[in-house]
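Take a look at the structure set out below.
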Amino acid sequence: MEQHFECLPPGEALEKLLEMHDTDPVFLSVTHPINSDGRFFRKRSHAILDALDGCRARKVMEENVSLAERYMEKHGGEAYYLFVSVPHDLFLAVTAPPEIKEPRMVADTSPYIRDLAEAVDDWEPYLLVFVEEGDSVVEIVDMGRWVSEEKVVDEIMNRHRKGGMSQRRFQRLREEAVHRHLVSVAEAVKEAVADSGAKRLIIAGPGESKKEFLKVLPADLKNRVVGVVDTDALHHGFERDRGDEQVLDIFLKSEFAEENRVVQKLARAIMEGGGVYGGKDVARAVVEGRVSLLVVLHGTTMVGWRCENCGMIGAGTGIGPGEQTGVCPVCGSAVVRVDLVEECVEEALKMGGGVEFVHDSPYLEKLGGMAGFLRY
Ligand SMILES: [Zn+2]
């Protein structure tokens, strides 16, 4: 029988996945960009199963892999994250941004959440507001996709007056009607912001209405406007229009600007003793719940260890001089090798902290690619 995969919004999925853990590597996590090469995943699944030869988790992983492969066969042209674990009854698919490029397949004792967490940070929801006289649309864009739209339609009289009315009176009535429409659009924007948590707005549309709209937008919403796009197309044709690229460009620029601001604040925090950097110190602060915001340079990995017994993590191999295997300094159990960055991302989120992924920063690179703001 076909396995049904649950489809959750990214934030909810992340919360659910952070709760899941096992002593055996029974979780399979997949990052699937649009039109991924199937050979990559076949090669990875062979490598994963070979590595589990002789382990009790192998049988489970075979089932996970075959369920994931069946899903991927059916959804080759889509971008998504997949999380599979038969013993944990986990069959979860999360829509990914169309722009993600790097495929991944990982088997571990917990779901690999870094790619999803990075997308949630990079592609946070924003509003695209098409303003036209009498015919506007407020679009919520999440993970780079249009997820819901609210149409605001009002009857606005034709530009040319009909007989009987003075030109001045006609003009005034018309301006009032346009104004009322723009106020309704602002209302719809307010609601959409409340629904989606969007911190950014992009305004688009033909003509002068956009300027008028900015005048009626309350200050707290106006502060969120990161760009205005002039289009001659009607909003209906916009999605496939080159206007789309302009919107994407504005959005990404505002995200990169936000990342730069965070890095500047980080530099100040580190100077003043309110920040931490380097695998060893960051890992300790994260485990102690002292990191309010973890800052990670895109693509950074670090050698680390994790104790499957007590959950302790640390930098390095965990193997001391003359020792064969690593031993947890807290409980004395054997430790396993992990990517310390993934572990820190997981721990920071579990502890209620945030994670900011940064795309380009020579400063953060000098710090080793991972740092954090301390709560105290
Ligand atoms: Zn331990």
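Could you check how many residues of the stretch 67-89 are under 18 Å from ASP24 (Cβ atoms) and either surrounded by fewer than 20 Cβ atoms within 10 Å (Cβ to Cβ) or in contact with a Gly (Cβ under 7 Å, 6 or more places away or on another chain) (or both)?
5
Given ASP122, ASP135, ASP89, which one is acidic (Asp, Glu) and under 26 Å from GLY353 (Cβ atoms)?
ASP122
Give me a count of the residues in the stretch 335-349 that are within 16 Å of the ligand (Cβ to nearest atom) and either of a type outside the set (Asp, Glu) or more than 18 Å from the chain's Cα centre (by Cα) (or both).
Of the residues in that region, 5 qualify.
Can you report the number of residues in the stretch 316-329 which are under 18 Å from VAL282 (Cβ atoms) and more than 9 Å from the ligand (Cβ to nearest atom)?
3
Confirm whether ALA188 is over 12 Å from GLY134 (Cα atoms), assigned by TED's automatic domain parsing to the domain that holds VAL131 and either modelled with pLDDT of 85 or more or surrounded by 14 or more Cβ atoms within 10 Å (Cβ to Cβ) (or both).
The answer is yes for ALA188.
Is one or more of the residues making up the stretch 285-302 within 14 Å of the ligand (Cβ to nearest atom), surrounded by fewer than 21 Cβ atoms within 10 Å (Cβ to Cβ), assigned by TED's automatic domain parsing to the domain that holds LYS366 and in a helix (DSSP H, G or I)?
yes
Looking only at the stretch 85-135, which residues are in a strand (DSSP E or B) and in contact with a Pro (Cβ under 9 Å, 6 or more places away or on another chain)?
The answer is SER85, LEU90, LEU92, VAL94, THR95, ALA107, ASP108.
Evaluate the stretch 308-315: report whether one residue or more is within 16 Å of the ligand (Cβ to nearest atom), within 21 Å of PHE357 (Cβ to Cβ) and touching a residue at least 60 places away in the same chain (Cβ under 8 Å).
Within the stretch 308-315 (the criterion being within 16 Å of the ligand (Cβ to nearest atom), within 21 Å of PHE357 (Cβ to Cβ) and touching a residue at least 60 places away in the same chain (Cβ under 8 Å)), the answer is no, since none of the residues qualifies.
Looking at the stretch 8-74, what helices (runs of 4 or more DSSP H) fall wholly within it and have at least 1 residues that are more than 26 Å from CYS307 (Cβ to Cβ) and over 25 Å from the mean Cα position of the chain (by Cα)?
38-51, 57-74
Test of understanding: among GLU155, GLU139, GLU149, which residue is loosely packed, with under 14 Cβ neighbours inside 10 Å and either assigned to a helix (DSSP H, G or I) or among the acidic types (Asp, Glu) (or both)?
On inspection, the qualifying residue turns out to be GLU155.
Among GLY332, GLY352, which is within 14 Å of the ligand (Cβ to nearest atom), of a type in the set (Gly, Ala, Ser) and assigned to a loop (DSSP other than H, G, I, E, B)?
Sole residue among the options that is within 14 Å of the ligand (Cβ to nearest atom), of a type in the set (Gly, Ala, Ser) and assigned to a loop (DSSP other than H, G, I, E, B): GLY332.
Show the residue pairs meeting these rules: Cβ distance below 8 Å; 6+ apart or different chains; first residue within the stretch 191-214 and without any contact (Cβ under 8 Å) to a residue 24 or more places away in the chain; second residue of a type outside the set (Lys, Arg).
Cβ pairs passing all conditions: LEU214/ILE203; LEU214/VAL225; LEU214/VAL228.
Could you tell me whether LEU252 is at pLDDT 95 or above, away from the ligand (no atom under 16 Å from the Cβ) and either surrounded by fewer than 16 Cβ atoms within 10 Å (Cβ to Cβ) or not polar (S, T, N, Q) (or both)?
No; evaluated as a whole, the condition is false for this residue.
Of the residues that make up the stretch 90-98, is at least one crowded, with 23+ Cβ neighbours inside 10 Å, closer than 22 Å to ARG200 by Cα, of a type in the set (Val, Ile, Thr) and not assigned by TED's automatic domain parsing to the domain that holds VAL358?
Among the residues of the stretch 90-98, not one is crowded, with 23+ Cβ neighbours inside 10 Å, closer than 22 Å to ARG200 by Cα, of a type in the set (Val, Ile, Thr) and not assigned by TED's automatic domain parsing to the domain that holds VAL358, which makes the answer no.
Does the stretch 25-57 hold any residues that are modelled with pLDDT under 95, crowded, with 18+ Cβ neighbours inside 10 Å and within 13 Å of PRO87 (Cβ to Cβ), and which are they?
Correct list: PRO25, ALA57.
The values are calculated or read from the model by the stated rules, or taken from the named source; none is laboratory data. Here the structure is a predicted model, which is why all the values come from computation and not from measurement. Quick reminder, even Gly has a Cβ in these numbers, built from the backbone with ideal geometry, and neighbours come from all protein chains shown.
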